[in-house]
Amino acid sequence: FNMEAEAFIRRHRDVPFFLYLSHQAPHTPLQAKAGLVAAFAAKPEAGKTRNNPALAAMLADIDDGVGRILNTLR
């Protein structure tokens with residue numbers, strides 16, 4: 001979704017546009033990049049109540065994507 005949003009912004013850079021992006025994550029099933037899950041699982045808080053490494057990895061991925069979109073807008 002993020003790559004498509006970036007491409008849309010580039011295609012419409014010279015005209016006013018509206019872009020609505022609704023990420024599907026972090027909904028179930030929790031499917032995140034293995035490297036990110038491992039990084040969050042290694043934290044001391046991992047596994048405690050309400051600390052889910054897969055969920056944290058999905059949120060980090062969304063955050064990275066939003067950052068890329070903001071950079072494209074700039």
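The values are calculated or read from the model by the stated rules, or taken from the named source; none is laboratory data. This is a predicted model, so every value here is computed, not measured. In this analysis, Cβ positions are derived from the backbone assuming ideal geometry, glycine residues included, and neighbour counts consider all displayed protein chains. SASA here: full protein model, heavy atoms, side chains in, ligands and nucleic acids out. Shrake-Rupley method; radii C 1.70, N 1.55, O 1.52, S 1.80 Å.
When the trypsin sites (Lys or Arg not before Pro) in segment 24-68 are filtered for DSSP coil states and for at most 15 other beta-carbon atoms within 10 Å of their beta-carbon, the remaining sites are Lys33, Lys48, Arg50.
Please determine, in degrees from 0 to 90 and to the nearest 10, the orientation of helix 2-11 with respect to the longest principal axis defined by the Cα atoms of the chain, where the helix direction is its Cα long axis. Approximately 10 degrees, to the nearest 10.
In order along segment 15-26, the phi-based Karplus estimate (6.51 cos²θ - 1.76 cosθ + 1.60, θ = phi - 60°) of 3J(HN,Hα) comes to 9, x, 8, 10, 10, 10, 10, 10, 5, 7, 6, x Hz; Gly and Pro are listed as x. A simple rule links phi to the HN-Hα coupling: the Karplus curve 6.51 cos²θ - 1.76 cosθ + 1.60 with θ = phi - 60°, which for segment 56-61 gives 4, 5, 5, 5, 5, 5 Hz, with x for Gly and Pro. Gyration tensor over the Cα atoms of the chain: the corresponding equivalent ellipsoid has semi-axes (square roots of 5 times the eigenvalues, largest first) of 31, 11, 9 Å. This model, with +1 at the C-beta of Lys and Arg and -1 at the C-beta of Asp and Glu, gives the chain a dipole about its Cα centre of some 80 debye. Ranking Phe17, Phe1 by solvent-accessible area of protein heavy atoms (1.4 Å probe, all protein chains present), from largest to smallest, gives Phe1, Phe17. Here is the list for the chain: GluC sites (Glu not before Pro) lying in DSSP coil, each with at most 11 other C-beta atoms within 10 angstrom of its C-beta, are Glu45. Okay, which of segment 22-42 sit inside 19 Å, backbone N to the point 7 Å along the Cα-Cβ direction of Thr72? Under 19 Å, as judged by backbone N against the label point of Thr72, lie 22-26 of segment 22-42.
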